[in-house]
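In what follows, a structure is listed as structure tokens, so that the remarks can point back to it.
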Ligand code: MG
């Protein structure tokens, strides 16, 4: 499986990192070795002092498809959850300044913790999902999918022009404002529509 991530999909987060609001999705990929399954702890890597959390709504692809029309997009996903797009921010800033790829900053081992997933059938409107990340019990990120610049319907259509989507692939849909550094000992808890579905520690 692969993880396809969208950067700068919330205007407030694009602004906090001093990036322009995009007119086309910013896409990058993480390998399967980035996945951290529910119940697994995150081991803080030593190659960057600024490892940042980015809490994101994640969709799971349930059948193979390419060149998908937006009106059929949601038939290619069956469940929704949360993920953390861990980012080595110093490496990313250096890469951005040099115009180089973000791969080392985004795709390292364990850089994609994921929650348990629930059926999208439980959600009548995918553009009306609230989510929240708490770090050590304090609310750090609050998001609402209606604030996404690009909807999941559009993203699946866009991404599938370039990549064959396969069952089990995950789409990370971008983070709202409030990103920040994690430290050893931190406790991260993610809530989707008020239900805690993500819970792990930084070691
Ligand atoms: Mg992100």
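The values are calculated or read from the model by the stated rules, or taken from the named source; none is laboratory data. Note that the coordinates shown come from a computational prediction; the quantities given were computed from them, not determined experimentally. When we count neighbours, we look across all protein chains shown, and the Cβ atoms used for this are built from the backbone with ideal geometry, even at glycine.
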Looking at region 54-66, is at least one residue in contact with a strand residue (DSSP E or B) (Cβ under 8 Å, 6 or more places away or on another chain), within 21 Å of residue 190 (Cβ to Cβ) and not in a strand (DSSP E or B)?
yes
Within the group 143, 190, 180, which residue is over 30 Å from residue 65 (Cβ atoms), within 16 Å of the ligand (Cβ to nearest atom) and within 16 Å of the chain's Cα centre (by Cα)?
180
Residue under question is residue 130, and the condition is that it be more than 13 Å from the ligand (Cβ to nearest atom), closer than 23 Å to residue 18 by Cα and touching a strand residue (DSSP E or B) at 6+ places or on another chain (Cβ under 9 Å); does it hold?
no
For residue 124, are the conditions met, namely being away from the ligand (no atom under 16 Å from the Cβ), buried (at least 19 other Cβ atoms within 10 Å of the Cβ), farther than 28 Å from residue 203 by Cβ and more than 16 Å from the chain's Cα centre (by Cα)?
no
Among (1) farther than 23 Å from residue 203 by Cα; (2) within 14 Å of the ligand (Cβ to nearest atom), where does residue 107 come up short?
(1)
Of the residues 18, 52, which is under 17 Å from residue 178 (Cα atoms) and free of Cβ contacts under 8 Å to residues at least 12 places away in the same chain?
18
Taking region 70-111, which residues are surrounded by 14 or more Cβ atoms within 10 Å (Cβ to Cβ) and over 19 Å from residue 51 (Cβ atoms)?
70, 73, 74, 76, 77, 78, 79, 80, 81
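Take the conditions closer than 18 Å to residue 92 by Cβ and assigned to a loop (DSSP other than H, G, I, E, B) and apply them to residue 38. Does it pass?
Details: closer than 18 Å to residue 92 by Cβ: no; assigned to a loop (DSSP other than H, G, I, E, B): yes.
No: the conditions fail for residue 38.
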Counting only residues that are without any contact (Cβ under 8 Å) to a residue 12 or more places away in the chain and within 14 Å of the ligand (Cβ to nearest atom), how many does region 74-101 have?
1
Out of 44, 17, report the one residue that is at pLDDT below 95 and surrounded by 15 or more Cβ atoms within 10 Å (Cβ to Cβ).
17
How about region 35-61: which of its residues are over 18 Å from the mean Cα position of the chain (by Cα) and closer than 26 Å to residue 126 by Cβ?
none
Which residues, taken from region 150-177, are within 14 Å of the chain's Cα centre (by Cα), within 16 Å of the ligand (Cβ to nearest atom) and surrounded by 18 or more Cβ atoms within 10 Å (Cβ to Cβ)?
150, 152, 155, 170, 171, 172, 173, 174, 175, 176
